[in-house]
Amino acid sequence: MSFKGRREDDRLLTGRGKYTSDWNLPGQLYAHFLRSDRAHAEIASLDVSAAASSPGVTAVFVGKDFDCKTEPPLVKYPGKGGAMLKQPHRDVLAKDRVRFVGQEIALVIAASAAQAQDAAERIEVEYRDLPASIDHRESGEQLYPQIPGNVCFEYEYGNEAAVNEAFGRAAHVTRVSLESKRVIGNPMEPKACVAAHDAASGVFDIYCATQGMSMMRAGLSAVTGVPPEKIRVHAHDVGGGFGIRSDAYPEFCVLMLAAQKVGRPVKWVASRAETSVSDYHGRAATLQGELALDRDGNFLAVRIQWLCDMGAYLSHPGPLINTLPPALHAANLYRTPLVHGLHRLILTNTVPTSPYRGAGRPNVSYLAERLVEEAARETGIDRIELRRRNLIPREAFPYKTPIAMSTYDSGDPPGLLDAVLALSDWKNFQVRKDVSRSRGKLRGIACSVFVEPAGAGGGPKEEVDIRFGSSGEAVIHALCGPSGQGHETVYPEVMAQITGVEPERITLKAGDPDGPPLVGEGTIGSRSMMAHGGAIAVAAREIVRKAQDLAAKDLEVAPQDIEFKDGRFSVKGTDLSVTMAQIMQKHGAALDTKGETPQPRSFPTGAHVAEVEADPETGAVQLLAYYAVDDCGRVINHTLLEGQVHGGIVQGIGQAMGEHAVYDDTGQLLTASFMDYHMPRADEQPPMTLRDRPIPSPNNPLGVKGAGEAGTTGAVPTVSNAVIDALRPLGINHLEFPFSPSRVWAAIRATGSQRRT
């Protein structure tokens, strides 16, 4: 029943996709933003007169022209001591003060993009510089009077007293401190927006890249005060999401209100450098962990501290992904009976941070697996044996973790470990290492296991609506915002597998502003197939029930005399039958059905192995092979699943091997272009061998689990541990990524060792 390839591929690969910059509206004007060139300063004066009189300019807007609110955060739960999150207000255009390089100060609207940019360069800004707080690990200048020490939230979980007692009786304690460096999401499609306003109806049409229409509309409404029913969001094709395309960015809000003021559509497309300093960044956290073990190597307790750089303002989901979700899997896949964690969210004069593929999960697995690797080294216990002793056995699932609100739904960690060790030929690694040594190279290998919380959301349920046309074709309306996942292919397959019709007869319309009203969220948190797919499954089963009643009437028998198999309704004991396709064509709208499912959660698991080789003369590290065995629950479309895991691994490799958003001491972003920011290239990727080992989840109608972020969650610790393993013979037991040649070379030279073992 599956298509050969994805439906969307033909359109996208032949240049017929429609991304944000491809939208053009009659009479549209063009916009350009003037941005701050310093990290922290008061705006002493702002003169826009020269810009306003420039050729082609229609209007120039500054902060005082808009009175907007700040979207309330997702974090509404208390932190340490019952304290609530302190959220600073953000003006859509800075009024009195700028707090990071790239912050929006003024908007110029003109007849062409070039004229708007030329005019923006004529705006005169006088600043009074203020000390900038750049490093979240240091006590810097206080950014907001109501937020002492720039600590906007402290989140605590677990049992501190019990953990302290366990550490007091431990035979061994391992400690590590790690830097999960700041990264830039860099979706293929730069940030862009087209905004239009209809004065007669009061309706706004917003064309922008988004991971979910409902989320974007809610954000735009919260900031601008425009009722959500007056906002129509259009996102036909989206060139990458990765977590940073779910917020209503200030630019979108300004353009929306500016279009209303000038009475014409306004279009804005950012440059890549502009995107780098205005898109929300990812990661940016200091991770500290302690692991207590008994004399036999059994884990007794883990103590965790995170310092999270939130940037100058809070993105809508940023505080969430650095607090509650990491707590859900803080013990990783181990039978660690006690956990205590404290996460501090710090404000700095940098670009705000947000979920980035994995959304906090890679930080959890990175810290957990580095702790285990170091514990093995320090105790002398084989690192695979240490994991085996502490892994959660299959028969223990569903497994209640030390965190009260977290229960892993299903899994088989020992089975995953055995499978990936066999797949990677772990037992013969020494032979390969000896070959590398004979060539003067250092070879390393590592295995990591992980679990991640996938799915759930802020709403009560997810809805889809399936409508039928007079020709028997079906249209699925859902809120999922695809950004490369293959939704147009796989969602019709879900319905087709249940109803028995050809998937070609079914079309997905995701986030259609003209579609039926729906409750739910977008494509975030590896939830799409569980939530939207689950709702489709519920609707499809109801469609089969309706069709069975209709078939009984057509065949003039009782419904209980009908049996359904392979898309055909047959009268038991006779040769009378009718196909589902025939029922669809004859009865059409009578089959229209809305399906819903509660917001689901699952816990995908995996075991990954990476093998690397380092050149001690140059510091260059080559990834030789990567193996992954994942439990993503029931597999609907293996090709799409493999693509998601593969893509996630590449982004994890990118973070470990090269990506790093670097600020200087004054708050200037030094890596705002592809000349300076390392992006993983195809020729840097190792051969990848991927396998499924699925155990269906009991928590959703399809039995699926999340898949989109598993690759990144596994790759960050796996690659990191493999590089350290390669360097360990030289006495290097710790090195912060990214593992660039210069960083590795410097570490080797710092040891004073020229050994090659």
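Below, the figures for the structure above:
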| quantity | calculated |
| --- | --- |
| Tally, over the stretch 494-512, of residues that are surrounded by fewer than 21 Cβ atoms within 10 Å (Cβ to Cβ) and either among the acidic types (Asp, Glu) or under 24 Å from the mean Cα position of the chain (by Cα) (or both) | 4 |
| Search result, residues across the stretch 31-57 that are surrounded by fewer than 21 Cβ atoms within 10 Å (Cβ to Cβ) and among the hydroxyl-bearing types (Ser, Thr, Tyr) | 45, 49, 53, 54 |
| Only listed residue being surrounded by fewer than 22 Cβ atoms within 10 Å (Cβ to Cβ), touching a helix residue (DSSP H, G or I) at 6+ places or on another chain (Cβ under 8 Å) and not charged (D, E, K, R), chosen from 168, 140 | 140 |
| Among the candidates 146, 115, residue that is crowded, with 16+ Cβ neighbours inside 10 Å, out of contact with any Asp or Glu (no Cβ under 7 Å at 6 or more places or on another chain), farther than 26 Å from residue 366 by Cβ and modelled with pLDDT of 95 or more | 115 |
| Residue that is more than 21 Å from the chain's Cα centre (by Cα), outside any helix (DSSP H, G or I), of a type in the set (Gly, Ala, Ser) and not assigned by TED's automatic domain parsing to the domain that holds residue 660, where the choices are 166, 196, 222 | 196 |
| Qualifying residue in the stretch 115-135 (condition: of a type in the set (Ser, Thr, Tyr) and farther than 24 Å from residue 311 by Cβ) | no |
| Residue among 227, 250 that alone is touching a helix residue (DSSP H, G or I) at 6+ places or on another chain (Cβ under 9 Å) and free of Cβ contacts under 8 Å to residues at least 24 places away in the same chain | 227 |
| Residue match in the stretch 92-103 (condition: surrounded by 23 or more Cβ atoms within 10 Å (Cβ to Cβ) and more than 32 Å from the chain's Cα centre (by Cα)) | no |
| The listed residue being within 22 Å of residue 424 (Cβ to Cβ) and in contact with a strand residue (DSSP E or B) (Cβ under 6 Å, 6 or more places away or on another chain), out of 724, 653, 695 | 695 |
| Lone qualifier among 343, 329, 281, 316 - being over 17 Å from the mean Cα position of the chain (by Cα) and closer than 27 Å to residue 454 by Cβ | 343 |
| Residue 136, sole failed condition from (1) over 30 Å from residue 301 (Cα atoms); (2) assigned to a loop (DSSP other than H, G, I, E, B) | (1) |
| Search result, residues across the stretch 297-333 that are of a type outside the set (A, V, I, L, M, F, W, C) and either under 20 Å from residue 88 (Cβ atoms) or in a strand (DSSP E or B) (or both) | 303, 305, 309, 311, 313, 315, 316, 317, 318, 319, 322, 323 |
| Number of the condition not met by residue 9 [criteria: (1) within 30 Å of residue 150 (Cβ to Cβ); (2) within 26 Å of the chain's Cα centre (by Cα)] | (1) |
| Conditions (1) closer than 30 Å to residue 607 by Cα; (2) of a type in the set (Gly, Ala, Ser); (3) not in a helix (DSSP H, G or I): number failed by residue 422 | (3) |
| Within the stretch 425-453, tally of residues that are among the basic types (Lys, Arg) and part of a strand (DSSP E or B) | 1 |
| The stretch 220-253 - residue that is of a type in the set (S, T, N, Q) and over 20 Å from residue 359 (Cβ atoms) and, of those, surrounded by the fewest Cβ atoms within 10 Å (Cβ to Cβ) | 221 |
| Members of the stretch 628-645 that are touching a Leu at 6+ places or on another chain (Cβ under 7 Å) and part of a strand (DSSP E or B) | 628, 629, 631 |
| Pairs where the first residue, in the stretch 547-565, is assigned to a loop (DSSP other than H, G, I, E, B) and the second is buried (at least 16 other Cβ atoms within 10 Å of the Cβ) and not polar (S, T, N, Q), C-beta under 8 Å, 6+ apart | 557/571; 557/576; 558/552 |
| Yes/no for residue 358 being outside any strand (DSSP E or B) and at pLDDT below 95 | yes |
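Let's see how each residue does on (1) of a type in the set (Gly, Ala, Ser); (2) part of a loop (DSSP other than H, G, I, E, B); (3) outside the structural domain of residue 312 (by TED's automatic domain parsing); (4) buried (at least 23 other Cβ atoms within 10 Å of the Cβ):
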site	(1), (2), (3), (4)
676	no, yes, no, no
689	no, no, no, no
698	no, yes, no, no
701	no, yes, no, no
713	no, no, no, yes
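To keep it simple, each residue is scored yes or no on (1) in contact (Cβ under 8 Å) with a residue 60 or more places away in the chain; (2) within 30 Å of residue 566 (Cβ to Cβ); (3) not assigned by TED's automatic domain parsing to the domain that holds residue 366.
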site: 478; (1), (2), (3): no, yes, yes
site: 497; (1), (2), (3): yes, yes, yes
site: 507; (1), (2), (3): no, yes, yes
site: 513; (1), (2), (3): yes, no, yes
site: 530; (1), (2), (3): yes, yes, yes
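The values are calculated or read from the model by the stated rules, or taken from the named source; none is laboratory data. Since this is a predicted model, take the numbers as computed values, not measurements. Ideal geometry is used to build each Cβ from the backbone, glycine not excepted, and the neighbour counts take in all protein chains shown.
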